[in-house]
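The values are calculated or read from the model by the stated rules, or taken from the named source; none is laboratory data. Computed from a predicted model, the values in this text were never measured in an experiment. Cβ: placed from backbone, ideal geometry, glycine included. Neighbour counts: every protein chain shown. The area values use the complete protein model at the heavy-atom level, side chains included, leaving out ligands, DNA and RNA. Shrake-Rupley method; radii C 1.70, N 1.55, O 1.52, S 1.80 Å.
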Amino acid sequence: MSQINKRKIFNDPIYGFITIPNTLIYDLIQHPYFQRLRRISQMGLTYLVYPGAHHTRFHHALGCMHLMQKAIQTLRFKTVQISEEEENALLIAILLHDIGHGPFSHAMEQSIVEEVHHEQLSLLFMEKLNEEFDGKLSLAIKIFKEQYHRKFMVQLVSSQLDMDRLDYLRRDSFYSGVAEGNINSERLIQMMNVQDDVLVIEEKGIYSVEKFLMARRLMYWQAYLHKTSVVSEIILMNILKRAKELTKNKIILNCSEPLQFFLKNKISLDNFDSKVLQTFSYLDDFDVMSAIKNWQFHDDFVLSSLSKMIINRDLLKIQMMSDKPKKESLLDFKEKFISKYKTTPLETKYFVFKGKIKNQAYNKESEPICILKKDGSIEDVAQASDQLSLKALSKPVTKYFICYPKELIVA
């Protein structure tokens, strides 16, 4: 096949044209493992709050690669040495950083693919692709695993100001319509530099960093941790848990073979071999949503009721609070539910429960975002900023919630 055909461009609604730089990256994008990301939503069930949030992880991965191209260009212009091999590795590492996401990723990780995180699966996919591509991904894997000696390269892929965050904040803000999350990713990239092998932001870019951190905080509260997003994800998690429970009790559920496999088997990282990985690669949002469409008519009260909630967007009531709820606050709802629907206490837990969410826009304990001062010194952005709000953004904020069916509210 002619290599010229592989110099494709994508038209992205945010950045305009995104260029595929070489044959290897073209072939990785063409691979079924990567094409599967077209069928996995970037924001899960957030479209139940913001109807426009239907973009995919495929969009996001290409956007990250585009931003990485821009960052490499900027750093080279500032005389930072990056070889062609390193450039390729950086582009591959960021392109594939989310390849391990399953459908409705976080709900999956806490229900049917237990305690196997998407980062671990991304690594398994990358290692499998490395075999297929004769070891051409080895350096990208080293960077992804944070084992490469050039620290700033690791930071471009994974840090508090990496290409992943620069793309998803802007992209999710664009598609959801939450304008507060919009950031100036181009300016942030133009302000990047490297000092003592560490990624830094030049002092004149400090306001862009402040805006980025504020946008991150607002996007979490307004989109990712919006109360409707939170409750819908928990309902989805409970549907999958219930499906797994019923399957364990030899009740046959109508769903696709890959989903059936994960419902039947207890899969941990230890038994995630090539065959299981291949089965996982067949899973996407369509498997889960078509199963839920079927399950709304199932005989099991718990499974059918929860499935109808997602299909018809008739969700549980979620009440947010700043203090930890008392045990008694749920007891009344549980008793009412058991009395009305004659459920067991175990079944009732699927409908009446409590939880908490946490948001920390900037983690000072983690690797800081470094500001390069005019005199050549480096300072943590929280210290360098004259904004008191940045110090506040460093504190984790926890909110508590209780969930229960709307019909239990007494007027």
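Miscellaneous remarks
- Of the helices (runs of 4 or more DSSP H) lying entirely inside the stretch 147-233, those containing at least 1 residues that are under 19 Å from the mean Cα position of the chain (by Cα) and among the aliphatic types (A, V, I, L, M) are 151-157, 163-176, 206-219.
- Residues of the stretch 249-276 classified as at pLDDT 95 or above, open to solvent by 40 Å² or more (accessible area, probe 1.4 Å) and of a type in the set (Ser, Thr, Tyr), total: 0
- Matching residues in the stretch 198-248 - criterion: being among the acidic types (Asp, Glu) and open to solvent by 50 Å² or more (accessible area, probe 1.4 Å): Glu203, Glu233, Glu245
- Among the residues of the stretch 83-120, those that are without any contact (Cβ under 8 Å) to a residue 40 or more places away in the chain and either buried (at least 24 other Cβ atoms within 10 Å of the Cβ) or of a type outside the set (D, E, K, R) (or both) comprise Ser83, Gly100, His117, His118.
- When residues in the stretch 348-369 are screened for being open to solvent by 50 Å² or more (accessible area, probe 1.4 Å) and closer than 22 Å to Asp314 by Cα, 3 of them pass.
- Of everything listed in (1) within 28 Å of Leu123 (Cβ to Cβ); (2) open to solvent by less than 60 Å² (accessible area, probe 1.4 Å); (3) aromatic (Phe, Trp, Tyr); (4) not in a loop (DSSP other than H, G, I, E, B), the single unmet condition for Phe337 is (1).
- Search result, residues across the stretch 171-181 that are at pLDDT 95 or above and in contact with a Phe, Trp or Tyr (Cβ under 9 Å, 6 or more places away or on another chain): Asp172, Tyr175, Ser176, Gly177, Val178
- Among the residues of the stretch 47-73, those that are of a type in the set (Val, Ile, Thr) and either in a loop (DSSP other than H, G, I, E, B) or open to solvent by 10 Å² or more (accessible area, probe 1.4 Å) (or both) comprise Val49, Thr56.
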